[in-house]
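Report on one structure; see the data block that follows.
Just so it is clear, none of the values below were taken in a lab; they were calculated from the coordinates. Source: prediction; values computed, not measured. Neighbour counts are summed over all protein chains in view; Cβ atoms, including those assigned to glycine, are modelled from backbone coordinates with ideal geometry.
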Amino acid sequence: MSLQIQSNYKVPEKTAEIAWVIFPDGNLYMKLFDTFGSLFSDQDFAQLFPDNGQPAFSPVRLMLVLILQFIEGLSDRQAADAVRTRIDWKYLMCLEITDPGFNYSILSEFRTRLLENEWEQKQFDKLLVCIRDVGCIKKHGQQHTDSTIVLGAVRELNRLEMVGETMRHALDSLSVVTPDWLLVHVQPAWLDRYGSQVQNYRLPTSQEKRDALADQIGADGLVLLNAIWDVAAPVWLREVPAIRTLHAV
């Protein structure tokens, strides 16, 4: 994918108009742009992209998404949805109010590109300097600048979302192919836990709660798989595609 360098980022007039109606006093992300501008430039990422090929989505905006999803504890799917629906995100990224955003998979590809080229720390250090220069961080204070903390936290959220969605998909599939069997083996709490898509609700922000949710999903999956591999269960249940996926995950 080739990089089409955009020399300057400005908030579109309509986006700014609606944003200030919704947030008459501004908010964190609007103030972030008004204070620092776009923070990054496309030229910062020029060495990561070839000179030809399909145009890449703006790396400046993708870098901002990585930061915002860490701040809000969002998976890639949720972050991509926020780009499409959040006026304050569009303001910070200088997007038209009608901009449809991008497929969430682009974020994973961009993270990989940063890590493979050891480019992530340079950009996080640049952000840190900007914040320090306006007095938000003391010049002689200590700051944790390890960019892998940010990228690792997002990766963990994506994995948590994946296992939750895998369990939900397995239950949905069983409700279609063998509803009577599922009714006997389903646990009451599963309806609340897996009744809606995992990306539709906010994942836990604390490490303790994330670990607890991962343990809970793992325990639920084990209960379901044990029931399916029980000698009394129909053998063909093990061949249901969603169950095979759950077993692999």
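A few remarks follow.
- Student exercise, region 23-109 dipole from Lys, Arg, Asp, Glu Cβ charges, in Debye to nearest 20: 160 debye
- Spin-label pair residue 18/residue 72, simplified geometry with 7 Å Cα→Cβ offset, distance in nm: 1.5 nm
- Around residue 25: net Lys/Arg minus Asp/Glu count, Cβ-Cβ under 15 Å: -1
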